[in-house]
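I have a structure I would like to understand better, so I am pasting it below and will then ask my questions one at a time.
The values are calculated or read from the model by the stated rules, or taken from the named source; none is laboratory data. All figures in this text were calculated on a predicted structure; none of them were measured in a lab. Ideal geometry is used to build each Cβ from the backbone, glycine not excepted, and the neighbour counts take in all protein chains shown.
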Amino acid sequence: MTLLPTFVSFRLNIVFGSHQANAAKRLKREHGMKYLMFAITLLSGTLLTTSSFASDIPTSSSPANGPSYSQMYCSGFVTRRSIPHTNFVLGSKESPHEDRFPGRSLLFLGGPSLVEGQRYSLLRQVDDPNREDSSPKQRKKLSELGALYQEVGWVTVRSVEKGASIASFDFACDTAILGDIVVPYVEKAAVAFRSTDGPIKSFVAKRGSVSGQIVGSKDFVVLLGTGQIVYTDFGSAKGAKPGDYLFVLHGYSPSDLNKVDRASARLPKGSEPSAVSQTEFGEKNVMRSVPERVLGEILILSVTPEASTGMITRSFSEMQLGDNVEPERP
């Protein structure tokens with residue numbers, strides 16, 4: 001046990017200074033291990049506080065009852081807008097031994113026009129590794145909306161040197177890699193959650209309003225539920241804006257069926273020998289008038305003209321890529 005007080009006193013000298021460390025020694029002599037353990041607990045909490053970088057994260061854009069900062073700034077987006085690759089990640093101070101750079105790394109950035117003291121976002125263009133559609137032409141629909149970008153985090157340029165800039169990786173959604181794109185940081189519009197206690201109809205009649213589909217998801221997940229980030233083709237050109245809600249709907253006509261539904265529709269159906277007339281599920285025009293099932297709702301976090309990024313806030317049933325979305329109904 002003689003080594004423990006010595007170690008604690010050494011650490012306390014580092015964190016609190018010699019005065020507080022001497023006080024801890026006095027507590028140890030006068031009051032025994034009870035107060036020493038209290039000092040260790042206090043020290044642990046202080047070390048955790050100083051090692052965390054949560055204080056670097058702005059909170060003004062995330063209301064108390066809204067999505068977290070990470071949910072807002074790590075959700076990604078789809079756009080047709082050309083994003084220049086002029087500025088990019090060159091490496092880190094640990095290069096060439098390190099090729100994935102975690103938060104708090106010191107990064108080297110290449111490219112012109114970087115300004116000392118300014119914040120920049122790190123982006124990465126990504127492509128769905130799945131080679132099969134979850135719904136008819138799902139992958140094609142996503143690609144037609146534009147390129148899918150993952151948000152990696154943001155950095156602050158500390159100095160601009162000849163040929164490269166030095167930046168601190170202050171907020172990380174993921175590890176950065178060589179070639180990640182560096183663009184000016186843009187504050188996102190604040191959005192808020194509404195209560196999830198309100199009733200929602202289980203079925204709604206079809207209507208001819210503007211609608212869309214879930215065409216992708218963060219991390220390329222196929223089966224979806226509450227809390228997951230999704231991308232839809234319901235963008236600002238269709239009237240979407242941050243803070244709006246979309247219903248997720250499942251139709252029963254042949255054109256609404258996803259991959260699993262289509263497989264079930266092709267299976268042999270049971271029959272009743274005494275029945276005079278039976279209708280096949282999915283027969284043309286028969287199921288088109290059936291109301292659509294409400295699977296859940298999505299809060300829109302950000303939009304581009306072509307697409308929207310949203311978070312599933314309520315799910316009443318399993319959702320999949322290809323499910324329909326439309327503005328909530330009054």
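Would you check if PHE247 is touching a residue at least 12 places away in the same chain (Cβ under 8 Å), among the aromatic types (Phe, Trp, Tyr) and either surrounded by fewer than 18 Cβ atoms within 10 Å (Cβ to Cβ) or not in a strand (DSSP E or B) (or both)?
The answer is no for PHE247.
Does ALA205 meet the test of being over 17 Å from THR79 (Cβ atoms) and under 19 Å from the mean Cα position of the chain (by Cα)?
So ALA205 does not fit the description; no.
Within the stretch 48-76, take every residue that is under 26 Å from VAL160 (Cα atoms) and part of a loop (DSSP other than H, G, I, E, B) and give me the one that is modelled with the lowest pLDDT.
Here the residue is PHE53.
What residue, of ALA192, ALA164, ALA176, is surrounded by fewer than 17 Cβ atoms within 10 Å (Cβ to Cβ) and under 28 Å from the mean Cα position of the chain (by Cα)?
Of the residues listed, the single one that is surrounded by fewer than 17 Cβ atoms within 10 Å (Cβ to Cβ) and under 28 Å from the mean Cα position of the chain (by Cα) is ALA192.
Could you give me the residue pairs with C-beta distances under 7 Å whose first residue belongs to the stretch 171-199 and is in the same structural domain as GLY110 (by TED's automatic domain parsing) and more than 30 Å from PHE88 (Cα to Cα), whose second residue is loosely packed, with under 12 Cβ neighbours inside 10 Å and modelled with pLDDT of 95 or more wherever it lies, and which are 6+ apart or on separate chains?
Taking only residues 6 or more apart or on different chains, not a single pair turns up.
Additional query: Of all the residues that make up the stretch 297-323, how many are under 20 Å from ARG80 (Cβ atoms) and either among the aromatic types (Phe, Trp, Tyr) or not in a loop (DSSP other than H, G, I, E, B) (or both)?
7
Looking only at the stretch 152-205, filter to residues that are out of contact with any strand residue (DSSP E or B) (no Cβ under 9 Å at 6 or more places or on another chain) and not charged (D, E, K, R); which one of those is nearest to PHE316 (Cα to Cα)?
In this case the residue turns out to be PRO199.
Please work out which one of (1) modelled with pLDDT of 90 or more; (2) surrounded by fewer than 17 Cβ atoms within 10 Å (Cβ to Cβ); (3) not aromatic (Phe, Trp, Tyr) is the condition GLY45 fails and give its number.
(1)
From the list GLN150, GLN138, GLN118, exactly one residue is of a type outside the set (D, E, K, R) and under 30 Å from TYR252 (Cα atoms). Which is it?
Among GLN150, GLN138, GLN118, only GLN138 is of a type outside the set (D, E, K, R) and under 30 Å from TYR252 (Cα atoms).
Can you tell me which residue among SER308, SER274, SER253 is surrounded by fewer than 18 Cβ atoms within 10 Å (Cβ to Cβ), modelled with pLDDT of 70 or more and in the same structural domain as VAL215 (by TED's automatic domain parsing)?
Residue meeting the stated conditions: SER253.
Among the residues of the stretch 312-330, write down those that are of a type in the set (A, V, I, L, M, F, W, C) and surrounded by 21 or more Cβ atoms within 10 Å (Cβ to Cβ).
Passing the criteria: ILE312, MET319, LEU321, VAL325.
Quick one: would you say PHE220 is among the hydrophobic types (A, V, I, L, M, F, W, C) and assigned by TED's automatic domain parsing to the domain that holds PRO102?
No: the conditions fail for PHE220.
For the stretch 141-166, what are the residues that are out of contact with any Lys or Arg (no Cβ under 6 Å at 6 or more places or on another chain) and touching a residue at least 60 places away in the same chain (Cβ under 8 Å)?
Selection gives LYS141, LEU142, LEU145, ALA147, LEU148, TYR149, GLU151, GLY153, ALA164.
Could you grab me the full set of residues in the stretch 109-161 that are among the β-branched types (Val, Ile, Thr) and loosely packed, with under 14 Cβ neighbours inside 10 Å?
Passing the criteria: only VAL115.
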